[in-house]
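Enquirer: Please see the structure below; I have some questions.
The values are calculated or read from the model by the stated rules, or taken from the named source; none is laboratory data. Nothing here was measured: the structure is a model prediction, and the numbers come from that model. As a convention, Cβ positions derive from the backbone with ideal geometry for all residues, glycine included, and neighbour counts pool all protein chains shown. Side chains included, ligands, DNA and RNA excluded: accessible areas come from the protein's heavy atoms. Shrake-Rupley method; radii C 1.70, N 1.55, O 1.52, S 1.80 Å.
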Amino acid sequence: MPKSPSLRSAYGFGWPVNRRIAIGALALTVLLAIAAGVAFLTGHGEQHPDHPTPTTSSSSSADPAPDRPAKTGSVPKPPQTAEPVAYAKAAAKMLWSYDTRNTSRTQQLDGMQAWMTGEAKYADWTSVSGQVPDPVLWSRMADQDQHATGTAAEGHFPSTFKQALADDPSAITQAYVYVVTVNGKQKIAWKKHGGGAEDRAITLAVQCRPHHDCSLAAIAPRVAP
């Protein structure tokens with residue numbers, strides 16, 4: 001049996017190009033360095049996972065952010081934590097997990113939107129919703145009962161982010177956006193015992209204001225070491 005269409009990056013799709021958003025002075029400065037001249041969340045580029053899997057068309061960039069989460073199928077609720085690395089690991093696990101057997105594409109988007117920051121100035125919903133396959137491919141995956149489970153083995157602040165904090169500790173107080181890289185694994189399965197597992201890595205922007213639970217701000221176009 002030919003391999004079922006699976007997902008690159010979080011879902012098997014490359015990063016959509018030409019995404020632009022301002023996410024705060026500190027995050028912008030840090031991620032400019034991380035992207036080696038390509039601004040993180042302000043510049044261009046396509047995310048290239050270490051272990052790409054077969055792909056078809058990329059997802060639409062026109063998916064609007066849902067007004068409110070509705071039925072979310074298999075998508076878990078965000079954890080209540082004020083610790084950036086812990087939240088980023090949970091978010092990565094969520095992004096690497098899906099189940100087309102009991103979750104529609106709309107439900108997947110609704111569930112993911114519940115993880116986002118409510119501050120529009122710092123939220124890049126396009127970078128998150130862009131991880132979800134387009135309706136045609138989601139339907140093809142559902143025909144094959146495709147589902148995946150993600151695990152997050154390790155999370156850390158990239159060295160460039162830590163250096164920026166050391167250089168200007170007060171800069172974080174504008175947006176309270178932290179940059180976290182998470183490493184883990186994704187197991188994918190489909191009909192007739194098909195499946196496989198691959199290592200994953202992702203860099204997230206996580207907002208953790210004092211006395212508030214963390215939330216997801218954006219997904220980086222490239223993985224920061």
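Enquirer: Considering only protein heavy atoms, with the full assembly of protein chains and a 1.4 angstrom probe, order Trp115, Trp190 by accessible area, largest first.
Expert: The ordering from most to least exposed comes out as Trp190, Trp115.
Enquirer: Out of the total accessible area of the range 79-225 (probe 1.4 Å, heavy atoms of protein only), what percent is carbon and sulfur?
Expert: 52 percent
Enquirer: Here is a follow-up. What are the ³J(HN,Hα) couplings of the range 131-145, residue after residue, when phi is run through the Karplus curve with 6.51, -1.76, 1.60 and θ = phi - 60°? Round to Hz, x for glycine and proline.
Expert: Computed from phi, the couplings for the range 131-145 are 7, 8, x, 5, x, 5, 5, 4, 5, 4, 5, 5, 4, 9, 6 Hz.
Enquirer: What FRET efficiency comes out for the pair Arg209/Ala171, r = Cβ-Cβ distance, R0 = 22 Å, nearest 0.05?
Expert: 0.90
Enquirer: Before I look further, what does the range 92-225 give for accessible area per residue, probe 1.4 Å, in whole square angstrom?
Expert: Accessible area per residue, the range 92-225: 41 Å².
Enquirer: Oh, and also: Just to verify a number: what accessible area does Ser127 come out at with the full protein assembly present, 1.4 Å probe, Å² rounded to tens?
Expert: Here the residue's solvent-accessible area equals roughly 0 Å².
Enquirer: A follow-up question, please. What figure in square angstrom, to the nearest 10, would you give for the accessible area of Arg105 with a 1.4 Å probe?
Expert: Roll a 1.4 Å probe over it and Arg105 shows about 30 Å².
Enquirer: On to the next question. Just add up the charged neighbours of Gln107: K/R +1, D/E -1, any other residue whose Cβ is under 11 Å from the Cβ of Gln107.
Expert: So the surrounding residues net to 0.
Enquirer: Which FRET efficiency, nearest 0.05, do Lys77 and Ala120 yield, Cβ-Cβ r, R0 25 Å?
Expert: 0.70
Enquirer: Ignoring everything but the protein chains, give the 1.4 Å probe accessible area of Val179 in square angstrom, nearest 10.
Expert: The accessible area comes out at roughly 0 Å².
Enquirer: I'd like the Karplus ³J(HN,Hα) series for the range 82-95: coefficients 6.51, -1.76, 1.60, θ = phi - 60°, whole numbers in Hz, and an x wherever there's a Gly or Pro.
Expert: These are the phi-based 3J(HN,Hα) values: 9, 9, x, 5, 4, 5, 4, 5, 5, 5, 4, 4, 5, 5 Hz.
Enquirer: Report the gain in length on full extension from Lys187 to Glu154: 0.36 nm times residue separation, minus Cα-Cα distance, nm rounded to one decimal.
Expert: Taking 0.36 nm per residue and subtracting the Cα distance, the gain is 10.2 nm.
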